[in-house]
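Report on the structure given below.
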Amino acid sequence: MRRTLDLLYDAAGYLAAFFIFAIFAVMIGSSVLREFGFKTGGTDDVVAWMCAAAAFLAMAHTFKHGDFVRVVLLLERLGPAKRRAFEIACLAIATAFLGALAWAAGRFVYDSWDFNDMPSGLIALPLWIPQSSFVLGAALMFLAALDELATVLRGHKPAYVLAVEERHARGDFTEDI
């Protein structure tokens with residue numbers, strides 16, 4: 001199960017990276033094509049959809065690898081028992097909110113599908129298609145938070161803490177401010 005979940009988070013991270021590269025390709029491609037007199041209408045819509053996809057699909061991977069912004073000033077000053085309790089409380093709250101977000105995102109995209117919602121831009125594509133990345137990203141982030149909550153409840157350190165500790169052990173403090 002652990003390998004499957006990690007593969008899922010990594011796949012979403014790679015997909016997010018693909019969308020970031022695709023944003024670059026579309027923007028450069030449309031700039032070059034405009035220089036040669038070609039019309040490139042609709043690229044703003046496509047780039048906006050890819051930005052949203054990249055952001056939401058990257059969340060779970062980023063969270064699991066300790067690259068999410070976390071304010072640990074209080075946590076660093078707590079003893080192990082209090083830190084664990086605080087970590088459990090934070091993860092439980094985050095999991096609840098992320099579950100609500102994933103459900104609301106799913107409902108939102110379902111409504112777009114049900115109403116056959118179309119964008120007002122130049123590209124006539126059912127909106128539920130690009131919005132699906134929102135649902136997938138929110139669901140994966142919920143799953144990642146639930147995964148970490150289960151890990152901490154079993155008495156282990158969260159993956160994001162281990163990832164930061166491993167970076168620090170290598171002398172890499174580039175993610176710290």
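The values are calculated or read from the model by the stated rules, or taken from the named source; none is laboratory data. These figures come from a predicted structure and were not determined experimentally. Cβ atoms come from the backbone with ideal geometry, glycine included; neighbour counts cover every protein chain shown. Only protein heavy atoms, including side chains, enter the accessible area calculation; ligands, DNA and RNA are left aside. Shrake-Rupley method; radii C 1.70, N 1.55, O 1.52, S 1.80 Å.
List pairs: first in segment 150-177 and open to solvent by 50 Å² or more (accessible area, probe 1.4 Å), second among the hydroxyl-bearing types (Ser, Thr, Tyr), Cβ under 8 Å, 6+ apart or cross-chain? Pairs found: LYS157/THR151. Exactly one residue out of MET59, MET1 is open to solvent by 30 Å² or more (accessible area, probe 1.4 Å), under 17 Å from ALA145 (Cβ atoms) and free of Cβ contacts under 8 Å to residues at least 12 places away in the same chain, and it is MET1. Would you mind stating whether GLU76 is under 29 Å from VAL164 (Cβ atoms), more than 22 Å from the chain's Cα centre (by Cα), open to solvent by 70 Å² or more (accessible area, probe 1.4 Å) and not polar (S, T, N, Q)? Yes; evaluated as a whole, the condition is true for this residue. Of all positions in segment 38-47, at least one carries a residue that is without any contact (Cβ under 8 Å) to a residue 40 or more places away in the chain, hydrophobic (A, V, I, L, M, F, W, C) and open to solvent by less than 30 Å² (accessible area, probe 1.4 Å). Name the residues in segment 96-133 that are open to solvent by less than 50 Å² (accessible area, probe 1.4 Å) and within 20 Å of LYS64 (Cα to Cα), would you? Across segment 96-133, the qualifying residues are LEU98, GLY99, ALA102, SER133.
Among (1) without any contact (Cβ under 8 Å) to a residue 40 or more places away in the chain; (2) part of a helix (DSSP H, G or I), which single condition is LEU146 missing? With (1) without any contact (Cβ under 8 Å) to a residue 40 or more places away in the chain; (2) part of a helix (DSSP H, G or I) applied to LEU146, the lone miss is (1). Evaluate the following for LEU162: is it part of a helix (DSSP H, G or I) and modelled with pLDDT under 95? Taking the combined requirement at face value, the residue satisfies it.
Scanning segment 4-28 for residues that are under 16 Å from HIS65 (Cα atoms) and open to solvent by 100 Å² or more (accessible area, probe 1.4 Å) gives LEU7, TYR14. Only one of the numbered conditions (1) in a helix (DSSP H, G or I); (2) at pLDDT below 95 is not met by LEU122, and that is (1). If only residues of segment 63-77 that are touching a helix residue (DSSP H, G or I) at 6+ places or on another chain (Cβ under 7 Å) and among the hydrophobic types (A, V, I, L, M, F, W, C) are counted, the one that is farthest from ASP6 (Cα to Cα) is LEU75.
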